[in-house]
Amino acid sequence: MNRSDIQNPLLEVKIQKRWKMFELNMDFTAGGGILGILGASGSGKSMVLKSIAGIVMPDQGRIVLHGKERDTVLYDSLQHIRMRPQQRRVGYLFQNYALFPNMTVEQNIQIGIEGRKKGRIWQPPGSKQKKRQQDAGDWIRRFHLEGLEKRYPCQLSGGQQQRVALARVLAYEPEVLLLDEPFSAMDAYLREGLRLELAKVLKEFGVITILVTHDRDEAYQLCDHLLLMDQGNMLVSGRCKEIFQNPGTQMAARLTGCKNISRIRRLGSHRFLALDWGELELMTEKEIDESIDSVGLRAHDLQVVKEDELEGWKEDPKANLIPVGEAKVSEMPFEWYITLENGLWWKCKKEASTQEVTGIVPGWLRAEPSSVLLLRR
């Protein structure tokens with residue numbers, strides 16, 4: 001990597017590690033926005049973060065922080081370099097925040113400041129304590145924790161604990177911030193506000209950030225770039241929204257929330273039979289090359305065809321009409337989950353005036369050719 005190419009710090013990770021039932025094999029860079037690592041539980045996501053932080057040592061590979069002026073090698077198996085976790089300038093925010101329960105908010109934040117100060121110019125004990133208190137006060141104000149300085153973690157709400165944990169880890173002035181499922185222990189009603197708050201904080205600090213999650217909504221909302229993982233391996237990486245629009249493989253489609261996936265038989269460059277949807281014949285906007293063996297349709301992309309519009313759609317070769325048939329309906333608090341006779345899954349939002357299932361299920365649905373996902377195994 002040429003020094004002239006580096007505009008902002010970049011973290012380069014290329015590691016391998018044998019772990020339980022699979023081998024972790026990762027090769028990516030992070031920098032310039034939040035990188036999300038999305039995968040099912042047990043896919044190796046947290047192992048990647050622990051390797052970067054120095055908690056776990058890979059079997060081989062290299063982890064380097066590229067800066068404008070110099071490179072910092074955190075790990076290199078060939079050069080026998082393994083920088084200690086305390087020296088890496090990596091902040092790690094765990095799932096449960098790992099606040100010290102016997103310390104107040106102010107004291108927890110001071111721990112982060114103390115970690116930052118280690119190895120720097122010595123100061124007399126009195127001035128050191130005073131400066132640490134002043135710095136902690138700055139972080140308390142920045143994270144709107146005024147009035148909570150003397151409280152203990154058990155006296156705080158989930159959102160307050162998260163802010164304290166973030167203040168502590170950022171007070172350490174890390175060059176890389178690792179977030180391991182930061183919302184997994186929270187109630188659903190808290191998550192939305194805290195995601196927005198976290199995004200605002202991270203944008204302000206501009207630190208290299210890697211977010212590990214199994215929640216596709218969280219990844220979509222927070223991440224600029226996305227890496228999908230399965231059994232220790234990268235499936236695909238790229239810009240977050242582009243991956244959701246074109247996941248490329250069956251597993252990637254499932255990880256990004258696509259429940260409708262079918263094997264196909266190719267009928268032409270843009271037409272196919274969906275073998276798992278009652279041999280439904282559909283059309284796609286993109287060309288179906290020889291590598292494509294399946295397709296996906298996201299539930300929200302299925303559109304209702306009104307009775308008075310049906311004849312007109314039947315004359316359109318690109319209509320992609322889908323008969324509903326004898327559907328199975330499941331009621332959820334705010335939606336109807338509907339499984340079509342051919343196996344396709346669809347969901348319909350409940351309206352205040354339509355709490356009964358009668359009249360909800362249409363006779364036909366359709367899908368735009370552009371909404372058909374072309375997938376490889």
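Quick notes on this one:
- On a per residue basis, region 244-377 carries 56 Å² of accessible surface, using protein heavy atoms and a 1.4 Å probe.
- Counting heavy atoms of the protein chains alone, residue 279 has an accessible area of about 100 Å² for a 1.4 Å probe.
- Measuring only protein heavy atoms, the 1.4 Å probe finds residue 143 accessible over about 10 Å².
- Area of residue 154 that stays accessible when all protein chains are in place (1.4 Å probe, Å², to 10): 120
- Mean accessible surface per residue for region 20-102, computed with a 1.4 Å probe while every protein chain stays in place, in Å²: 50
- At least 15 Å along the helix axis (C-alpha) and Kyte average at least 0.0, DSSP helices within the chain: 158-171, 188-205
- Theoretical ellipticity at 222 nm over the chain - DSSP helices of four or more residues, -39500 (n - 2.57) apiece, nearest 500: -7500 deg cm²/dmol
- Relative packing of 12-21, 159-168, 306-315, which averages over residues the other C-beta atoms within 10 Å, highest first: 159-168, 12-21, 306-315
- A Förster radius of 25 Å, combined with the Cβ-Cβ distance separating residue 281 from residue 311, puts the computed FRET efficiency at roughly 0.85.
- Neighbour cut-off at most 13 other Cβ (10 Å), DSSP loop, GluC sites (Glu not before Pro), region 202-276: none
- Subtracting the Cα-Cα distance of residue 81 and residue 55 from their residue separation scaled by 0.36 nm leaves 7.9 nm.
- Sorting the segments 367-377, 77-87 by their residues' average number of neighbouring beta-carbon atoms within 10 angstrom, most packed first, yields 367-377, 77-87.
- Net length available on complete extension from residue 205 to residue 71 is 46.1 nm, with 0.36 nm assigned per residue and the Cα-Cα distance removed.
- The chain - percent relative contact order, Cα under 8 Å, separation 6 or more: 16
- What a 1.4 Å probe finds exposed on the chain is 48% carbon and sulfur by accessible area, rounded to a whole percent.
- Cα-based shape type of region 219-332, given that a ≥ b ≥ c are square roots of the gyration tensor eigenvalues and the cut on a/c is 1.5: prolate
- Here the chain is treated with +1 on each Lys and Arg Cβ and -1 on each Asp and Glu Cβ, and its dipole about the Cα centre works out to around 2420 debye.
- With all protein chains in place and ligands, DNA and RNA left out, the 1.4 Å accessible area ranks 46, 262, 330 as 330, 46, 262, largest first.
- Linear extension gain, residue 22 paired with residue 289, 0.36 nm per residue minus alpha-carbon span: 93.0 nm
- Residue-normalised accessible area of region 158-226, expressed per residue, 1.4 Å probe, Å²: 40
- Scaled to the globular estimate 2.2 N^0.38 Å, the Cα spread of the chain, given as radius of gyration, is 1.21.
The values are calculated or read from the model by the stated rules, or taken from the named source; none is laboratory data. The model shown is predicted, which means the values in this text are computed figures rather than measured ones. Here the Cβ is made from the backbone with ideal geometry for all residues, glycine too, and neighbour counts use every protein chain on show. Side chains included, ligands, DNA and RNA excluded: accessible areas come from the protein's heavy atoms. Shrake-Rupley method; radii C 1.70, N 1.55, O 1.52, S 1.80 Å.
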